[in-house]
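First the structure, in the form of structure tokens, and then the observations on it.
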Amino acid sequence: MPSNLEHPLPPAHPHIQSGTALILIVDADRRIRHINLALSQLMGYAGAQLIGHPFPLLRHPDMPASAMREMWAQVDAGAPWIATLALRRRDGNRLWALATCAPVRHPRLGACVMIVLMRPSDAQLHAALTSYEHQHNRISIWLDKLMLEPLALDDVTRW
């Protein structure tokens with residue numbers, strides 16, 4: 001498990017100010033179509049620099065990809081999704097955010113996902129860290145098992 005999960009918010013670490021809502025709009029192709037200036041700057045980018053880039057660019061490596069798959073599955077099914085995310089800033093640092101994601105119909109872009117980011121509570125952050133740690137540990141155990149058990153050619157071709 002990455003050791004930097006143990007210290008989620010160092011004192012000088014950038015964070016979302018309490019009471020602030022930051023907004024992203026992502027199109028059906030998972031590309032960023034709108035990002036408000038405050039979020040862009042907090043992520044370390046200038047203005048509209050992220051427009052047109054894929055949303056997964058913002059996923060921090062500490063956050064399991066399965067969380068993103070769960071998010072897209074929910075919103076693709078037409079349901080909202082709320083969870084604490086670890087986003088990757090331009091400098092590589094994490095930005096923890098409570099994300100509320102919901103499918104919306106944009107007048108110009110059609111079907112989109114609106115993502116509203118707010119500062120997570122300490123309890124929400126702790127729950128996310130515990131969940132991410134559990135998922136990283138499950139992956140590590142699976143990889144260890146894979147390395148220890150020889151596979152037959154039939155096992156490999158079934159993948």
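Every number here is computed from the coordinates shown, using simple stated rules; none is lab data. Note that the coordinates shown come from a computational prediction; the quantities given were computed from them, not determined experimentally. Neighbour counts are summed over all protein chains in view; Cβ atoms, including those assigned to glycine, are modelled from backbone coordinates with ideal geometry.
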Near the amide H of HIS34, under 5 Å away, which other amide H atoms are found, from residues 5 or more places off or on another chain, if H is placed in the peptide plane? ILE25
Charge tally in the Cβ shell below 14 Å around ASP27, where Lys, Arg are +1 and Asp, Glu are -1, ASP27 excluded: +3
Mean Cβ-within-10 Å packing, highest first, puts peptides 120-126, 26-32 in the order 26-32, 120-126
Take the eigenvalues of the Cα gyration tensor for region 24-92, scale each by 5, and report the square roots as semi-axes in whole Å, largest first. 20, 15, 10
